[in-house]
1. Among (1) in a strand (DSSP E or B); (2) away from ligand 1 (no atom under 15 Å from the Cβ); (3) not aliphatic (A, V, I, L, M), there is one condition A:K18 misses while meeting the rest; what is its number?
2. Output the residues belonging to region B:255-287 that are open to solvent by less than 10 Å² (accessible area, probe 1.4 Å), under 22 Å from B:P77 (Cα atoms) and under 14 Å from the mean Cα position of the chain (by Cα).
3. Within region B:250-302, which strands (runs of 3 or more DSSP E) (wholly inside it) include 3 or more residues that are under 23 Å from B:T183 (Cβ atoms) and modelled with pLDDT of 85 or more?
4. Within region A:106-122, restricting attention to residues that are open to solvent by 30 Å² or more (accessible area, probe 1.4 Å), of a type outside the set (G, A, S) and under 17 Å from A:K77 (Cβ atoms), which residue is farthest from the other protein chains (Cβ to nearest Cβ)?
5. Could you grab me the full set of residues in region A:15-36 that are surrounded by fewer than 21 Cβ atoms within 10 Å (Cβ to Cβ) and within 16 Å of ligand 2 (Cβ to nearest atom)?
6. Could you figure out which of (1) within 16 Å of ligand 2 (Cβ to nearest atom); (2) closer than 24 Å to B:C435 by Cα; (3) open to solvent by less than 40 Å² (accessible area, probe 1.4 Å) isn't true of A:L2?
7. Got a sec? Which of B:T177, B:T183 is part of a loop (DSSP other than H, G, I, E, B), in contact (Cβ under 8 Å) with a residue 40 or more places away in the chain, on the phi < 0 side of the Ramachandran plot and in contact with a helix residue (DSSP H, G or I) (Cβ under 8 Å, 6 or more places away or on another chain)?
8. Here are some residues: A:R107, A:R125. Which one is more than 16 Å from ligand 1 (Cβ to nearest atom), among the charged types (D, E, K, R) and at pLDDT 95 or above?
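The values are calculated or read from the model by the stated rules, or taken from the named source; none is laboratory data. This one's a predicted model, so the numbers in the text were calculated from it and none came from an experiment. Cβ placement follows ideal geometry from the backbone for every residue including glycine, while neighbour counts extend to all protein chains displayed. When the accessible area is computed, the model is the full protein with side chains, heavy atoms only, and any ligands, DNA or RNA have been set aside. Shrake-Rupley method; radii C 1.70, N 1.55, O 1.52, S 1.80 Å.
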Amino acid sequence: MLIINNLKASIEGKSILKGISLEVKPGEIHAIMGPNGSGKSTLAAVLAGREFVEVTEGTVTYLGKNLLEMSAEDRAKEGIFLGFQYPIEIPGVSMVNFMKTAVNEHRKHKGLDPLSASDFLKMMRDKKELVEIDSKLANRSVNEGFSGGEKKKNEIFQMAMLEPKLAILDETDSGLDIDALRIVANGVNKLKRPDNSFIVITHYQRLLDYVIPDVVHVLYDGKIVKTAGKELALELEEKGYDWIKKEIENNLVA
Amino acid sequence: MEKDQDKILNDVTTGEYKYGFYSDIEMDRIPKGLSEEVVRLISGKKNEPEWLLDFRLKSYRHWLTMKMPTWPNLKIPPINYQEIIFYAAPKERKNLKSVDDIDPELKKTFDKLGIPLEEQKHLSGVAVDAVIDSVSIKTTFKETLAEMGIIFCSFSDAVKEYPDLVKRYMGSVVPYTDNFFATLNSAVFSDGSFCYIPKGVRCPMELSTYFRINSANTGQFERTLLIADEESYVSYLEGCTAPSRDENQLHAAIVEIVAEKNAEVKYSTVQNWYPGDREGKGGVFNFVTKRGMCKGENSKISWTQIETGSAITWKYPSCILRGDNSTGEFYSVAVTNNYQQADTGTKMTHIGKNTKSTIVSKGITAGHGQNSYRGLVKVLKNATNARNYSQCDSLLLGDKCGAHTFPYLEVDNQTAIVEHEATTSKIGEDQIFYCNQRGISTEDAIGLIVNGYAREVINKLPMEFAVEAQKLLQISLEGSVG
Ligand SMILES: Nc1ncnc2c1ncn2[C@@H]1O[C@H](COP(=O)(O)OP(=O)(O)OP(=O)(O)O)[C@@H](O)[C@H]1O
Ligand SMILES: [Mg+2]
């Protein structure tokens, strides 16, 4: 699905990602953890096609294609979805209009006709139920005046609407109460299929109680310093990142 | 990052003007220049009665004593009034009885603009008065409307057929001494629309005037007079376009509205005069005086404007709230792109008791555009319980453009409640990227964001035109981001 090889990237000349290699296979869930500022969102931004992050080295192959050559909207239409750490407000643009435009662009890309208004509204209804998002939210302007938690749930709703092949969720669990956390986690689990994959960026083990990752990576100072199974998340929760930092320093000394 | 945004902004703001063609129509033009002779000549061309010539002459003499206003936040190059042709009309064919008698070239022009002159071809429910350069060509559905007592005709016809109405109301809202351009208009106005809705009648269709400047070096000075008698209702729309030319063209119009007791008038404008080219060459100078008088109690006048055209716009559709419990509204979206400049807003004068006014102004500025909102809310001594709510928002696309807000308040009654809110926002790269990430192209994203921003105003337009206005907004910003 996704192969990242020795990816290096910088923002305004400052090097942020310092050689990341990672492979995500169909059906897998990868968790990425790591301290604040380690580059998790930057990695997500590179994958989604944000132009202010400059890739200086390395390759990213997505479904056999060179991802870095594709525009952001083509990546989206090819099935990459980014759940934003900080979802953006677009005043005056209704969720209905926004999602209709997005869904129909995806359909056009696949050579399908646009959905009729009634089919579209039915789809909205079904997906709203699936991810248990409040009906009222979908009738408002995109994220405008949404609470932090509502914005995150709205990201999951959009993911459900667009049915991506690779969903990157950047701290979608942060700032959620217990019920919302369960909703988000259920959303992921319901959308999980043998042929699609998730990269879940998180600081907390609690999400991983619901969404069981196949692999956990620790990103530290722009590099993946540790990769293991789901038990790594538990260990991190217990010991914090100092333990990893020490390990790295020891390795350097040794 | 900077460079990408620049590129994006450049692309969306470089869309082409789609109405820039010129039609080769046989015209009757008077020599260029302005003098008392010219004023008499125009009046003579139109076989006007003595009282109207007198009105023109006193306006002209007054105009000679006036100076062009310098208070707008606009850079206006000097205008040489001796270089302008003040009257140009398609050569008249005798006895214009049916549409077939209209010059085919003229018909083609309006077809091309999407304004067919044949009634059967027309949007159902819209009656049109088509004005080209100095004269009205054709008013559709005149007979249908006449059955209800509604008068909808060219201003010139009104002068001939309903002189008493014209005499009573012309200049009653915008006096001939009002301001430099209104006074000029009062001297040389050529044609325009006239509309009278009788007592108790709800006009069953949208009335609309379509203005087209065609000739070169010609000024357009039309005058619209709209009277809604007691308990009546009318919704009125005007549209306008002009050929793309390198020279600037002057458009100085007057619109006067009178709403009697319990009457309601909705006046919508979709202004799309030629804005000039990307370097700021050419384009229409749009210096317009629009004012409505809520004369009777419970009357209501509502202005909605979508301003996307003109090189320079100077325009303040206003309401005089004289009747008790009367309401004035102003909803505006003004777009300036490339080198366009706009100084626009409104004036709400509260005279009667319990009068209410609402102002919603949305400026959208791209390229090197300059956009100013200027609004006056005035509450006179006897206007107990007057209320005003004003909201002025500016949206900037890029960093070479400017948005300015000049709200003025004059309140002479303690019971007044006046609220003002203003915001300035930039169209965010973040917003565009968010759309991109959902599969929406940058061009479409800008369309969504801008229309979302303007939605409150667009929603006030009659349905048929709301769709048009949305497209127009997108087209006028095409290439400014992308
Ligand atoms: N637009 C930007 N301009 C300048 N520096 C940036 C920008 N975006 C990110 N950075 C810097 O890049 C580094 C990595 O940031 P990033 O957002 O990827 O961290 P993160 O791992 O997602 O952190 P968090 O856990 O706090 O979300 C930080 O030092 C940050 O300050
Ligand atoms: Mg982050």
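1. Of the numbered conditions (1) in a strand (DSSP E or B); (2) away from ligand 1 (no atom under 15 Å from the Cβ); (3) not aliphatic (A, V, I, L, M), the odd one out for A:K18 is (2).
2. Matches in region B:255-287: B:Q271, B:W273, B:V284, B:N286, B:F287.
3. Values: elements: B:254-259, B:264-271, B:283-294.
Answer list for region B:250-302: B:254-259, B:283-294.
4. Here the residue is A:D113.
5. Within region A:15-36, A:P35, A:N36 qualify.
6. A:L2 satisfies every listed condition except (1).
7. B:T177
8. A:R107 is the lone residue from the list that is more than 16 Å from ligand 1 (Cβ to nearest atom), among the charged types (D, E, K, R) and at pLDDT 95 or above.
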